[in-house]
Amino acid sequence: MFRAYKRRAGPAGIFSHTEVFSSNYNTLRQVFKYVATYTAHIPSYADIWGWVMASDFSLELNVEEIYLRMRQRIKGENRYMDGKTFSSASTLSKVVHNSLDNETHVHRGSCKVHTWPWQARLINQA
């Protein structure tokens, strides 16, 4: 069982977040004024995934502000996200938090950054 895991996990094993997540975070910190991370369990992958948000506008939102913006922008009920869920998604484990603090790698050249228009719109309308 563990040999199969080792073949699939890649060279960093359980610490593979340092190959992508923390280096993406550090790279964005070089360019943007505000950088924030969040995580969520993705059932189809049976794992926790992380994302990095970056902006020149503050990313600090309290639970009430998130609820207010969602009510203003979303018709009907959101089945997954609410203010408490979003707020708790920004809490990282000590291991991951330390890797973000200690990361030195910066991506150069052909690094791909993925974003969705609705994310940029929510941040820029702050």
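The values are calculated or read from the model by the stated rules, or taken from the named source; none is laboratory data. The shown structure was predicted, so the numbers you read here are calculated from the model rather than taken from an experiment. Don't worry about glycine lacking a Cβ; one is built from the backbone with ideal geometry, like all the others, and counts go over all protein chains shown.
Would you please list the contacts, defined by Cβ atoms under 8 Å and residues six or more apart or on different chains, that run from a residue in the stretch 31-51 that is on the phi < 0 side of the Ramachandran plot to a residue that is at pLDDT 90 or above and basic (Lys, Arg)?
Val35/Arg29
Of the residues that sit in the stretch 80-95 and are in a loop (DSSP other than H, G, I, E, B) and within 15 Å of the chain's Cα centre (by Cα), which one is surrounded by the most Cβ atoms within 10 Å (Cβ to Cβ)?
Among residues in the stretch 80-95 that are in a loop (DSSP other than H, G, I, E, B) and within 15 Å of the chain's Cα centre (by Cα), the one surrounded by the most Cβ atoms within 10 Å (Cβ to Cβ) is Leu92.
Among Thr18, Thr27, Thr37, which is the only one that is of a type in the set (Val, Ile, Thr), touching a Ser or Thr at 6+ places or on another chain (Cβ under 7 Å), modelled with pLDDT of 85 or more and surrounded by 15 or more Cβ atoms within 10 Å (Cβ to Cβ)?
It is Thr37.
Identify, please: which residue in the stretch 106-126 is touching a helix residue (DSSP H, G or I) at 6+ places or on another chain (Cβ under 9 Å) and either at pLDDT 85 or above or among the β-branched types (Val, Ile, Thr) (or both) and is, among those, surrounded by the fewest Cβ atoms within 10 Å (Cβ to Cβ)?
That would be Val113.
Return the residues of the stretch 68-109 that are in contact (Cβ under 8 Å) with a residue 40 or more places away in the chain and among the acidic types (Asp, Glu); say none if nothing qualifies.
Glu103
For residues in the stretch 41-79 being of a type outside the set (D, E, K, R), modelled with pLDDT of 85 or more and assigned to a loop (DSSP other than H, G, I, E, B), which is farthest from Ser99 (Cα to Cα)?
My answer is Gly76.
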